[in-house]
Every structure is written in structure tokens, then in C-alpha cells.
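**Student:** Please read through the structure below; I'll follow up with questions.
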Amino acid sequence: MNNLYFVLNYKSTLYLFLFTLYSFVGNINFVSSASPKVENLDVEKISVDYLKDLPINEYILGPGDVLNIKVSRDYPELDSTVNIDREGTVLLPKIKKIYIEGLTTNELTNLLNTAFSEFVKFPSTEIEIKQYRPIRIYVDGEVGNPGLQTLSGAFSIGSIGAEEENENENQNGVITNYFPTVFDAIRSSGGITQFSNLEEVEVVRINNISNGGGKRKTILNFSNVISYGDNRQNIRIYDGDVINVKKLKNNNLLQLSKAARSNLNPKFINVLVSGRVNNPGNKRLSKSSTLNDGIDMAGGAKVLKGKVRFIRFNNDGTIEQRKLAYSRTSKRGSYKNPYLIDGDIILIDNSFLTSTNEVLTEVTAPISGIFSTYGLLKVITD
């Protein structure tokens, strides 16, 4: 009995035990996953069908998941509802505290059947995920705001805007869950850019221990999702997924409008317009707005104005700056009238005349109370 507790309480020993349990499947080749960078991962390339059709018993457990565990119908006192703690452990009747982080529900079921066989004849463990933990994913590449994102692991469709608790149950009284997808991941990252290659969206996923561990990778063609609402490649995402949207050589402005219509991209952006405009400040614009639209929303440029300075902070940490001659007739999407993204800055400089006037005002301000402008000019010319 003490040996069993020792096995279940130590992570390394548990994995050794699991390896032995599944040894009849055949030789298992573990895939290295030491590097966090997608391009350096030694991953196995697979078809999208594997990631899309991942069965529920292959869900990998982690801290924050809440489980309903039933060991045997004959021994209801062994039933329990447990929350996986930050250390990846749960406390169960008879076998006490065990480490289960990183196991699938199917793997945990087999282990518990073995563990409870010391106390129950023919245990038939059933595990139900009562509450899914929030998932943390990394979205990289050509998206609005690349980086780490946290999404709900699942939520009930009927509970969206529901006023009654039972509205998230269908006619059979079964709660229907909605699980986040690649669409939700890209949307939470600010949507796509004009250079997003939606025909090459890479997904890297942690592989379960029974199937060799490591990570697996597939490429999605996501263009049909926003063009035709074809969700066959809009797969569910899981905790630890890495999504990388590749970059096009040339921009694709048409897909931006499609992304806005499909709600993949936010409908509005915020830009700063300052300098020689009638109403400077932060402006909320539609996603398809251009530089000229931003100036118009700021009340238009003043009569006396200089060059337009356009500043953009790129995702790779670089800063793009352009100095342009303002023209209301510049083609939308052109170099002089680019499409805007969230966080862009538009600054209209002073003209030579406005600069001269400001200098004169600054020089004459201290003595303007003594001399009139006419009197000052007369003093200077005499």
C-alpha cells in the first residue's frame, strides 16, 4: 500500500508507471520540445484532421480543471469532485494526494482503475470535466497584437446573455459547451493584417504522453473561413497551442474587408491625429480607414500647414515613419494615403508661415503690453 502512495505522489515515478502501462502499444518515440520557438521545434507534421478530431478523452488536464470522478456504482462514497490545484495535484479518497497534470482523461482513468483495484473489485472509473480551465495560447506572425492570449476554456452557448441559469441547457437538459477555436485566437490578437497569409496558418500542439509526448504541427488554410464561412479548418484550440500566421510578400487589402465582415477583425481602431488640424486628439475610426480619413475625422487640415508625418509601431519592434505632402486626391491604400491600423500616429507639421508667426509672437510677447504692433514696427524701422 505504501508503495502505491509513493508511486502516485511523485511526478517522475508516475510517468514511469504510465510508460510501463502503455508499453504494449509498441515503441514510443518521444519528440523533443525544449525550444519555445515554433521554427526550431522538432515536431511531427500531421494533417489537420488529427487536431480537429481530437476526442474528448485526449484532453490534457492541468491546474484549474474541475473533475467529477466516479470509481464504482457500488461504492458511491468514493465519488468526488476535485479541482486540480496549482501544483497539478488532486486529493482523492483512499489514495490521497496524487499528481495528474499533463495526463489525458483517458490516461488518468486507466491509472485510477489500477490504483483503486487495491480497494474495489473491478473498478470502472468515469471522469467528467465539470469545468474547463482558461487556456493560454501564443499567437504570432501577421496579426494585430501578437503575443500571449488567455481565453475561456469553454462556456455554455445558452448562457450568453441568459437571465436564467437553466437557459444553458438544451431540451434534453444537457449543457452544451462552446470551445474556443483558431478564429477566436486570431480575433483576440487584434485580427489579421493586410499581409496575413491565411492559406498558411500554422498550429503547434502539445502531444499527449501516450502518443509519444513532444509536439505536433499542422498547416491550416483559413481563407475559406472568412470568405465563405467554411469552418472545417477552424479547429478547436487547447492550452499551450502556438498559432503562427505567415506573411505575404504583397498586401491583400480585399481580405481586410472580408475579415471585418466576418468579425475576425475589430470594426474600429484608435489613432492619434495631432498638429495643424482643427480638432486634434485620439480618434476612433473604422478598420478600413486611411490616413486622409483620419485627418478628416480630426476636422480637416488647417489652411496653413506643412508636411504630414505618419508614424507606425510595427509588431517586430521597428518604427515606420513617412514624411508626405498632404493630398486629398491620393488613392486609398497608396503610399501617401495608407490604410491605418490601431495605434498609428498622424502629425501635420507647421508651414513656414505658421512657424514664422509663432516665432514673432514669442519674441514680441514680453513687450506686447507696452507697444502696439504698429508702435513696435515703428521703433524697429526708425
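**Student:** For Phe313 and Lys94, compute 0.36 nm times the residue count separating them, minus their Cα-Cα distance, and round to one decimal in nm.
**Tutor:** Stretched fully, the Phe313-Lys94 segment lengthens by 73.1 nm.
**Student:** Here's another thing I want to ask about it. Given a Förster distance of 45 angstrom, what is the FRET efficiency for Lys249 paired with Asn106, based on the Cβ-Cβ distance and rounded to 0.05?
**Tutor:** Calculated value: 0.55.
**Student:** Calculate log10 I(q)/I(0) of the stretch 268-350 for q = 0.19 Å⁻¹, where I(q) comes from the Debye formula with a single equal point scatterer on each Cα and nothing for solvent.
**Tutor:** Relative scattering, expressed as log10 I(q)/I(0), comes to -0.74.
**Student:** Order these by the 10 Å Cβ neighbour count, fewest first: Phe116, Phe122, Phe183, Phe195.
**Tutor:** The fewest-first ordering by Cβ neighbours comes to Phe122, Phe195, Phe183, Phe116.
**Student:** Continuing with the same structure: In the neighborhood of Glu126, defined by Cβ-to-Cβ distances under 11 Å, what is the net charge if each Lys or Arg adds +1 and each Asp or Glu adds -1?
**Tutor:** Value of the local net charge: 0.
**Student:** So which of Lys283/Lys305; Lys215/Lys258; Lys247/Lys323; Lys249/Lys283; Lys258/Lys323; Lys247/Lys283 end up more than 23 Å apart, counting from Cα to Cα?
**Tutor:** Lys215/Lys258; Lys247/Lys323; Lys249/Lys283; Lys258/Lys323; Lys247/Lys283
**Student:** Any chance you could run the full-extension gain for Ser80 through Glu118? It's 0.36 nm times the residue separation minus the Cα-Cα distance, nm to one decimal.
**Tutor:** Result: 11.9 nm gained on full extension.
**Student:** Once you put a point 7 Å from the Cα of Ser327 and another 7 Å from the Cα of Asn270, both along the Cβ direction, what distance in nm separates them?
**Tutor:** Simple spin-label model gives 3.3 nm for this pair.
**Student:** Calculate the length of the line joining the C-alpha centroid of the stretch 69-145 to that of the stretch 290-324, in whole Å.
**Tutor:** Value for the Cα centre distance between the two parts: 55 Å.
Rule-based calculations on the coordinates, nothing more; no lab input. Note that the coordinates shown come from a computational prediction; the quantities given were computed from them, not determined experimentally. Note that each Cβ is placed from the backbone with ideal geometry, even for glycine, and that neighbours are counted across all protein chains shown.
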